[in-house]
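Undergrad: One structure follows; several queries about it will come next.
The values are calculated or read from the model by the stated rules, or taken from the named source; none is laboratory data. The shown structure was predicted, so the numbers you read here are calculated from the model rather than taken from an experiment. No Cβ is skipped: glycine too gets one built from the backbone with ideal geometry, and neighbour counts run over all protein chains shown. Just so you know, the surface numbers come from the protein's heavy atoms only, side chains and all, with ligands and any DNA or RNA stripped out. Shrake-Rupley method; radii C 1.70, N 1.55, O 1.52, S 1.80 Å.
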Amino acid sequence: MNKAKHKRALRTKALFAKPLPPEALLAKPLPSKVLRTKVPRARKKSRRTRDIFHDEGGFSTAGMVVALLVTLTLIFSTAQVYQVNSAAATIQNVADVAVLAAENEVAEFYIVAQVCDAVVLSLSLTGIAAYGLGIAALCTPITASFSEILLKAGSDIFKARNHFAEKAASGLNHLQKLLPFLSAANAESVILANCGGSMGASYVGVALLLPFEGEEITVGALSAVEDLEKEVAKNKEELSSEAQEAEEASKRANAEKERAFQHDCGRNPSYCMYERADKLAILDAPQNPLYHTSETWNFSVALKRAQAYYPRRLAREVPMDMSVAEQAHSALRTRFYIYAVEEIEKGYVHEDDGGHFDTYFPKLPKNTTEMKATRLYTEVVYPMSVDDAGEYMMHAWSGCPVMVSQTDVGLGSIWRMDTGGFATCPSCEFVTSSFGKIAAATSSIETGFEYHYRIVAEAAEAYQKEREAAAPHEQKVKEIADTLFERIKEALEEAISYRLVVKPPGRYGAVVLVANTAQTAASSNFVSSFVEGGDSLGAQAALSAATLVGDSSEEGATVISSLLDGVSNDSGVLVGLADIVLNLWSSLLFAYTKGQHSLEEGIERVVGFIPWASESGLGKWAANTFSDLVKTFSLEPANLEALKPALVNSAHVLAADDSPFAAQLLSVKQHYIALGGSGSDDLFSTAITQIEAAALESVEALDGEITIANIELLGEGGPSIPITIALPPPIKAAASNLISTAANKLKDTVSSWSGIRRWE
């Protein structure tokens with residue numbers, strides 16, 4: 001090899017012995033003289049001429065060596081470049097997972113805030129529902145004891161709601177102040193966990209939430225609820241008193257109804273209108289229905305039975321034998337049935353859903369005296385005759401033997417027979433009392449249909465009288481209850497529209513600054529004589545950002561539904577109505593997650609626990625009114641979409657925050673990009689100083705567990721359900737040292753870039 005070739009080979013080796021900067025490899029191609037090694041082409045010579053670079057038997061040995069050296073040098077140089085890039089990529093990955101860990105603390109804050117919102121709403125609804133049920137219970141004395149407990153429970157729940165809301169706002173505000181530190185600590189723990197490895201990395205870094213401070217959370221009392229409490233306190237005594245009067249009058253009325261029911265069909269198979277109509281008139285089932293309880297029976301049943309009975313008796317009336325006395329009695333019974341058909345047909349029963357009742361049961365005479373008060377006494381239907389001596393007689397019917405043997409002189413009335421000096425017929429023996437005996441025969445003993453009908457008619461009259469006595473009290477109860485239910489409606493509207501609004505630190509996102517302070521040799525893990533290995537990779541740094549995005553998981557709903565998991569009945573507190581109230585709250589918690597259907601279902605379930613049956617029916621009316629009122633709303637389920645951290649370009653997060661730091665960091669970043677990487681020291685040192693100060697300030701207030709608030713649904717004697725945030729013990733123990741050490745290392749790293757250590 002001549003000297004020129006030898007020098008060229010040395011230059012080529014020296015060029016590949018020292019690796020090129022990564023920027024040079026990525027920014028521009030290698031020099032052509034490096035990429036192309038010129039191998040001299042063989043020239044034709046005489047067979048007698050020998051060349052060390054040419055051999056007729058195979059490749060040129062020296063040329064092959066040079067080609068292999070160049071190839072190996074390129075391979076190992078590229079591998080070292082890959083190692084350098086891998087180190088840069090690794091620190092970016094660490095920054096990414098650290099910023100996700102930091103923003104995850106904000107996501108958890110939103111879950112806690114949503115739980116608090118659910119508790120505030122459900123307690124509001126529970127208190128209002130307890131008041132609504134208490135108002136309904138005031139409408140009848142039988143549930144008066146329930147009313148006292150329900151109204152007190154409602155008042156206690158409102159106090160618990162306001163106390164919880166106040167404590168929750170305070171606890172959430174406290175947690176907001178800790179969020180920057182918690183996020184920084186969580187990010188730092190992730191950063192430290194990634195130290196070491198094959199490259200011996202020594203990562204340090206800090207996280208910053210944007211915005212760095214949250215807006216203060218305030219929760220006030222519900223004004224409509226306060227109005228409701230005042231209105232109930234003002235009217236509950238009058239409502240209870242009017243309900244008592246209505247109940248007593250209704251009780252008397254219902255006693256009359258029960259008496260009427262028993263004599264119509266309730267005494268079956270003993271004597272009653274049903275049994276007599278079946279035996280005497282042989283009425284079929286549609287005309288002669290049988291009821292088994294007065295709850296389903298009404299007075300119109302008895303009236304219609306009588307209106308069917310007398311036409312059938314009239315149609316079936318015949319003498320039981322051919323004796324003159326029996327034929328006379330049959331004729332008088334016919335007259336009685338004709339009269340009964342006409343009179344009973346005039347009867348009516350009017351009753352509507354509003355409670356109005358009006359009835360008329362025509363009464364049939366049961367003796368001679370009562371008969372004289374009817375048209376039976378004055379109607380001109382009885383045949384008269386005169387004998388040869390000029391003596392006048394009146395007969396029961398035209399077929400009387402004496403009537404046939406004497407002269408017919410027309411028709412007369414019983415009144416005329418009493419006042420006209422008529423002689424008594426020796427055959428039919430028709431006198432004034434004859435008709436009275438016909439009525440008395442079936443009206444005075446229980447074997448007669450008229451006996452039971454008369455009791456029903458008297459009971460209907462008494463029932464109407466008591467209903468009329470109860471009506472003004474019932475009307476007053478409904479007026480007061482409607483006014484209170486209007487307050488209930490206003491309170492529900494306010495409670496449903498109220499939502500706990502939080503704007504915590506980090507709601508825009510988080511940024512993390514990470515540096516690797518390890519002085520790792522460039523040839524680490526890849527030692528080779530083909531490249532120079534004495535230089536260090538130097539410090540690496542990375543910036544990453546994350547924000548929160550919605551995720552359709554059930555995490556929020558699961559946390560809310562598990563609030564009651566730890567509540568037991570071992571203390572004996574949750575019994576009776578207290579258990580009902582807890583059941584109500586449990587149901588209405590699901591109204592937060594499922595909306596209107598759960599609200600209605602929860603109210604209906606508790607309404608079913610209370611015995612609303614009463615004489616006046618006002619309790620059931622009030623309970624139904626309250627249930628119907630609840631159905632007029634359309635409570636929408638809360639948005640339970642869980643928030644999860646996701647990586648984004650840091651420019652988006654910084655641009656969303658209007659704080660001076662975010663604006664400055666964004667400006668520096670943009671300037672850094674514009675300059676292609678120069679002048680970037682201030683990007684990190686500014687952020688480190690601000691983050692360290694804020695994190696250390698929050699350390700003093702930190703404890704191992706943060707209690708947001710306690711739910712005390714039934715006051716001090718009831719179960720207490722805490723809402724807490726548990727912190728890992730190492731975070732508290734190493735808090736100050738963790739933040740300060742990380743900040744100092746980062747500042748030292750920054751000074752190694754610029755050669756100047758900034759002092760504050």
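Undergrad: Would a scan of the range 212-226 turn up a residue that is over 42 Å from the mean Cα position of the chain (by Cα) and among the aromatic types (F, W, Y)? Walk me through it before giving the result.
TA: Taking the range 212-226 and keeping what is over 42 Å from the mean Cα position of the chain (by Cα), we get none.
No, there is no match, as no residue in the range 212-226 is over 42 Å from the mean Cα position of the chain (by Cα) and among the aromatic types (F, W, Y).
Undergrad: Let me ask something additional. From the residues in the range 329-357 that are under 27 Å from L376 (Cα atoms) and among the acidic types (D, E), which one is least open to solvent (accessible area, probe 1.4 Å)?
TA: If we filter the range 329-357 for residues that are under 27 Å from L376 (Cα atoms), which is where we start, we get 329-349.
Filter once more, keeping what is among the acidic types (D, E): 342-343, 345.
Working: E342: 86, E343: 21, E345: 118 Å².
Of everything passing the filter in the range 329-357, E343 is least open to solvent (accessible area, probe 1.4 Å).
Undergrad: Within the range 398-418, can you find the residues that are closer than 25 Å to R454 by Cβ and in a loop (DSSP other than H, G, I, E, B)?
TA: Within the range 398-418, just S413 meets the criteria.
Undergrad: Quick check: is even one residue across the range 221-233 in contact with a Ser or Thr (Cβ under 6 Å, 6 or more places away or on another chain) and either over 30 Å from L175 (Cα atoms) or modelled with pLDDT of 95 or more (or both)?
TA: Within the range 221-233, none of the residues are in contact with a Ser or Thr (Cβ under 6 Å, 6 or more places away or on another chain) and either over 30 Å from L175 (Cα atoms) or modelled with pLDDT of 95 or more (or both).
Undergrad: Scan the range 420-467 for residues that are of a type in the set (S, T, N, Q) and over 60 Å from the mean Cα position of the chain (by Cα) and jot them down. First the steps, then the outcome.
TA: As a first pass, look at the range 420-467 and keep what is of a type in the set (S, T, N, Q): 424, 427, 432-434, 442-444, 447, 464.
Residues satisfying the conditions are T424, S427, T432, S433, S434, T442, S443, S444, T447.
Undergrad: Still on this structure, please answer the following. Take K177 and decide whether it is open to solvent by less than 50 Å² (accessible area, probe 1.4 Å), touching a residue at least 12 places away in the same chain (Cβ under 8 Å) and in a helix (DSSP H, G or I). Spell out the reasoning first.
TA: Numbers: open to solvent by less than 50 Å² (accessible area, probe 1.4 Å): no; touching a residue at least 12 places away in the same chain (Cβ under 8 Å): yes; in a helix (DSSP H, G or I): yes.
Considered against the rule, which asks whether it is open to solvent by less than 50 Å² (accessible area, probe 1.4 Å), touching a residue at least 12 places away in the same chain (Cβ under 8 Å) and in a helix (DSSP H, G or I), K177 comes out as no.
Undergrad: I've got another one for you. Looking only at the range 378-404, which residues are under 19 Å from A325 (Cα atoms), touching a residue at least 12 places away in the same chain (Cβ under 8 Å) and open to solvent by 80 Å² or more (accessible area, probe 1.4 Å)?
TA: Let us first name the residues in the range 378-404 that are under 19 Å from A325 (Cα atoms), namely 381-385, 393-404.
After this cut, where a residue has to be touching a residue at least 12 places away in the same chain (Cβ under 8 Å) as well, the list is 381-385, 393-403.
Passing the criteria: only S398.
Undergrad: Further question on the same structure: Can you list the strands (runs of 3 or more DSSP E) found entirely within the range 356-397 that contain at least 2 residues being closer than 20 Å to R454 by Cα? Before the answer, list the steps.
TA: Details: elements: 357-360, 382-386, 392-394.
Where strands (runs of 3 or more DSSP E) fall fully within the range 356-397 and carry at least 2 residues being closer than 20 Å to R454 by Cα, they are 357-360.
Conditions tested, residue by residue: (1) in contact with a helix residue (DSSP H, G or I) (Cβ under 9 Å, 6 or more places away or on another chain); (2) open to solvent by less than 20 Å² (accessible area, probe 1.4 Å); (3) within 21 Å of T143 (Cα to Cα); (4) acidic (D, E).
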site	(1), (2), (3), (4)
L588	yes, yes, no, no
K594	yes, no, no, no
V607	yes, yes, yes, no
A613	yes, no, yes, no
L618	yes, yes, yes, no
K631	yes, no, no, no
S634	yes, no, no, no
L640	yes, no, no, no
L643	yes, no, no, no
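Undergrad: Restricting attention to the range 405-418, report how many residues are open to solvent by less than 40 Å² (accessible area, probe 1.4 Å) and touching a helix residue (DSSP H, G or I) at 6+ places or on another chain (Cβ under 8 Å).
TA: 2
Undergrad: Okay, next question. Which of the residues that make up the range 419-474 are touching a residue at least 40 places away in the same chain (Cβ under 8 Å), open to solvent by 50 Å² or more (accessible area, probe 1.4 Å), in a loop (DSSP other than H, G, I, E, B) and closer than 25 Å to Q262 by Cβ?
TA: Across the range 419-474, the qualifying residues are S444, E446, T447.
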